[in-house]
Amino acid sequence: MVSVFSPATTRHSPGSVWMSIFSLLVTFHFLFLSPASALDFLLNSFSGAANTTNVTLINDARFDSSVVRLTNDSNQFSYGRAFYPTRIAMRRGTNNGNSSSSNTSVTSFSTTFVFSVLPEISTSPGFGLCFVLTNFTSPPGAIASQYFGLFTNATVPTVAPLFAVEFDTGRNPEFNDHDDNHIGIDLNNIESAVTQSAGYYNSTGAFVPILMKDGRNVQAWIEFDGENVEINVTVAPIGVARPSRPTLTYRDPAIANYLSDEMFIGFSASKTQWIEAQRILAWSFSDTGVAREINTTNLPVFLLPESSSSLSAGAIAGIAIGCAVFVIVSASLGFWFWRKRKLKREEEDDDIEDWELEYWPHRFSHDELSDATNGFSADQLLGSGGFGKVYKGTLPNKTEIAVKCVNHDSKQGLREFMAEISSMGRLQHKNLVQMRGWCRRGNILMLVYDYMPNGSLNSWIFDKPKSLLSWSQRRRVLADVAEGLSYLHGGYDQVVVHRDIKSSNILLDSEMRGRLGDFGLAKLYGHNEVPNTTRVVGTLGYLAPELATTAAPTAVSDVYSFGVVVLEVACGRRPIDMNKAEEEAVLMDWVRDLYDQGRVAEAADGRIRGEYAVEEMEVVLKLGLACCHPNPLRRPTMVEVVPVLIGERAATSAPADVLSELARGDSGTVGIVVIGGGESAAESPDVAAPLQSQQRAALV
């Protein structure tokens, strides 16, 4: 043969020489540089002769319109497989520069497909399908009706070129399946090397489960990295963009042992007596890069047909008529009972008994209060306690009100309660929460008060308030409450004992002025009378010690409770705090101990330090201690307390003359000088201690 480059042979033109060289280069590229049997295909459906020739069907697998059905419903023990017609190279030689030796690398590939699994009965055992690489289109020893039609029932698995990714819709505890809806990697063995429940990770990283056997179209992506011997499997319903995080990742060099030089790729499935349609709707594959995306917009959807009724048209009509009659009768009876009950309630609501006419005449109707509170809606609830619930309401004239619902066991008890409430309804003072009226429904009494928009005093001092009350505001509120209490004790035609003075019953109006509220425990008696109640009521920590031995409340027991409020407002802590050290648990005792040591100002609330003069704070703390004197006869009256708090010159110029002082002596006795210039008198420990110990005992 004559070389085209030899000058001694036939002469050639320069053009023909270059054409010969180009042909040799192209031939060299395809013979030595191109991958042997590189494969890249996209089947958006299996309709048409061109697409069907790209798939080889085995046993019961068949083309069904535009999809591949892998099993036959009429065959009880059915199996089927669908393969690409030719093998692909899974191992390729790479020349290392030495003609006598070469290395073998595992081929990488990328594939995506859409499948659907739909059982005839949703509760029947499932089977599923798998994507497979195998040496044979009919693996030797495979069980036809089980194990996806691929694996044998050998108890000891062997290493052979069979590698599968299962999409299993059945659970077989024998093979350690953790559920009936999972993905697994199978190495020539029905028992998976690794499994993961079917689902995908969304954009936030949360795992979203998907059910693979309800007929929905599910897309799977499989990426095999031959260099690292790693496989990534991702699934998601049609309509969901490909997740960035794989559902399952498995890396193991042992995978290479289950691959041969050339292998068939495709799908396999099997079933027993239960009918389950396993379909492949589209398929894309590439061993030269990422598989091309499938067009999923026009894929068919498979769902269970609606079950047909076995009842005749007449039976259906009879059932429908019967149901309609039942509904009409039930609705009529329900309306009749509702109407009867409503009329009864209206009669009861509108029936004003004679004894009610004796009391305060401003009576609201139940409908008025129901409309004002949106039907006593939970959204309008302001709070609740032992005496009932309190709702916020708005009257038609836009006036905001608070409605307190009080339930009584009997009309007699209600009558007695209303007698006192009606008297309190006539109380008129700027520092009392004003009662606007009432409503009775059965044994439930609804009391209507002015609405206080800034809530209770304790919410501005304790429990990390949103805005801390300043010292000037605190002192003004204390002065307001003192004036209101002074009015109750001596400014009305009867003595009104509140019996439950505490910071949570002191409300703040829109201008942050204090008003005393909640008269649910209050008692009235004549100025020269003695109260006849024998039941101790109130709140622990605010109760005067003498109530432990004599239950009759008086104005001085209110003074004691007010003194506790003064101390907690000035010190910024509750009257009893079991989280403190034992010697600091009872606020009053702690402040008294500091006073005895000449350090009373240290009890002040540290959060408002710098807002007050030390002398001013000492005046208020001494006032609180004077009000809390264990001997009720030594306590000041509210008439004497008010000037100290409002800052009248006579009260502030010489606090030692108007405030009680705890005299310190070697004997440790405690002396009190009452406000108003009363004479100092010693209170021996054997008198004071029992009174204090009674209060301490109440804590246990």
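The values are calculated or read from the model by the stated rules, or taken from the named source; none is laboratory data. Quick caveat: nothing in here was measured; it's all calculated off a predicted structure. Here the Cβ is made from the backbone with ideal geometry for all residues, glycine too, and neighbour counts use every protein chain on show.
Of all residues in region 495-519 being part of a loop (DSSP other than H, G, I, E, B) and either within 37 Å of the chain's Cα centre (by Cα) or free of Cβ contacts under 8 Å to residues at least 12 places away in the same chain (or both), which is nearest to Arg475 (Cα to Cα)? Looking at residues that are part of a loop (DSSP other than H, G, I, E, B) and either within 37 Å of the chain's Cα centre (by Cα) or free of Cβ contacts under 8 Å to residues at least 12 places away in the same chain (or both), I get Met512. Do the conditions hold for Thr169, that is, is it more than 23 Å from Gln196 (Cβ to Cβ) and among the β-branched types (Val, Ile, Thr)? No: the conditions fail for Thr169. Tally time: how many residues in region 571-586 are free of Cβ contacts under 8 Å to residues at least 60 places away in the same chain and either touching a Pro at 6+ places or on another chain (Cβ under 8 Å) or assigned to a helix (DSSP H, G or I) (or both)? Count: 4.
Yes or no: Val559 in contact (Cβ under 8 Å) with a residue 24 or more places away in the chain, under 40 Å from the mean Cα position of the chain (by Cα) and buried (at least 21 other Cβ atoms within 10 Å of the Cβ)? Criteria not met by Val559. Take the conditions among the hydrophobic types (A, V, I, L, M, F, W, C), within 12 Å of Ile501 (Cβ to Cβ) and in the same structural domain as Gly606 (by TED's automatic domain parsing) and apply them to Ala544. Does it pass? For Ala544, the condition - among the hydrophobic types (A, V, I, L, M, F, W, C), within 12 Å of Ile501 (Cβ to Cβ) and in the same structural domain as Gly606 (by TED's automatic domain parsing) - is met.
Among the residues making up region 451-485, those that are in contact with an Asp or Glu (Cβ under 9 Å, 6 or more places away or on another chain) and more than 25 Å from Gly383 (Cα to Cα) are Ser470, Trp471, Ser472, Arg475. Of all residues in region 57-94, those being small (Gly, Ala, Ser) and either at pLDDT 90 or above or crowded, with 16+ Cβ neighbours inside 10 Å (or both) number 6. Which residues, counting only those in region 196-217, are surrounded by fewer than 18 Cβ atoms within 10 Å (Cβ to Cβ) and under 28 Å from the mean Cα position of the chain (by Cα)? Residues satisfying the conditions are Ser197, Tyr201, Asn202, Ser203, Thr204, Gly205, Ala206, Phe207, Val208, Pro209, Ile210, Leu211. Is it true that some residue in region 218-233 is surrounded by 21 or more Cβ atoms within 10 Å (Cβ to Cβ), assigned by TED's automatic domain parsing to the domain that holds Gln278 and assigned to a loop (DSSP other than H, G, I, E, B)? Looking for residues that are surrounded by 21 or more Cβ atoms within 10 Å (Cβ to Cβ), assigned by TED's automatic domain parsing to the domain that holds Gln278 and assigned to a loop (DSSP other than H, G, I, E, B), one finds none in region 218-233, hence no.
From the list Ala522, Ala552, Ala604, exactly one residue is over 44 Å from the mean Cα position of the chain (by Cα) and either at pLDDT below 90 or surrounded by 17 or more Cβ atoms within 10 Å (Cβ to Cβ) (or both). Which is it? Only one candidate qualifies: Ala552.
Conditions tested, residue by residue: (1) closer than 29 Å to Gly80 by Cβ; (2) of a type in the set (Asp, Glu); (3) in contact with a Phe, Trp or Tyr (Cβ under 8 Å, 6 or more places away or on another chain).
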| site | (1), (2), (3) |
| --- | --- |
| Arg279 | yes, no, yes |
| Asp287 | yes, yes, yes |
| Glu293 | yes, yes, no |
| Thr297 | yes, no, no |
| Ile316 | no, no, no |
| Val325 | no, no, no |
| Ile328 | no, no, no |
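Of Gly205, Gly170, Gly184, all but one fail to be assigned by TED's automatic domain parsing to the domain that holds Leu129 and not in a loop (DSSP other than H, G, I, E, B); the exception is Gly184. Return a yes/no flag: does region 362-371 have any residue that is crowded, with 20+ Cβ neighbours inside 10 Å, at pLDDT 90 or above and on the phi < 0 side of the Ramachandran plot. Yes, region 362-371 contains at least one residue that is crowded, with 20+ Cβ neighbours inside 10 Å, at pLDDT 90 or above and on the phi < 0 side of the Ramachandran plot.
Cβ-Cβ distances below 6 Å connect the following pairs, each with a first residue in region 587-606 that is without any contact (Cβ under 8 Å) to a residue 60 or more places away in the chain, a second residue that is part of a helix (DSSP H, G or I) and among the acidic types (Asp, Glu), and a separation of six or more residues or different chains: Trp590/Glu584; Leu594/Glu602; Val600/Glu618; Ala601/Glu618. Taken over region 462-494, the criterion of being assigned to a loop (DSSP other than H, G, I, E, B), more than 19 Å from Arg573 (Cα to Cα) and touching a helix residue (DSSP H, G or I) at 6+ places or on another chain (Cβ under 8 Å) is satisfied by Gln494 alone. If you go through region 99-145 and keep only what is in contact with a Ser or Thr (Cβ under 6 Å, 6 or more places away or on another chain) and over 22 Å from Arg242 (Cβ atoms), you end up with Asn103, Ser105, Gly126, Val132, Asn135, Gly141, Ser145. The residues of region 122-153 that are at pLDDT below 85, touching a strand residue (DSSP E or B) at 6+ places or on another chain (Cβ under 9 Å) and among the small types (Gly, Ala, Ser), listed by number, are Ser124, Gly126, Ala142, Ala144, Ser145. When the residues of region 422-477 are filtered to those that are among the hydrophobic types (A, V, I, L, M, F, W, C) and touching a Ser or Thr at 6+ places or on another chain (Cβ under 9 Å), which remaining residue is surrounded by the fewest Cβ atoms within 10 Å (Cβ to Cβ)? This residue is Phe462. When Ile280 is tested against (1) more than 23 Å from Ile121 (Cα to Cα); (2) of a type outside the set (D, E, K, R); (3) outside any loop (DSSP other than H, G, I, E, B), just one condition goes unmet, and that condition is (1).
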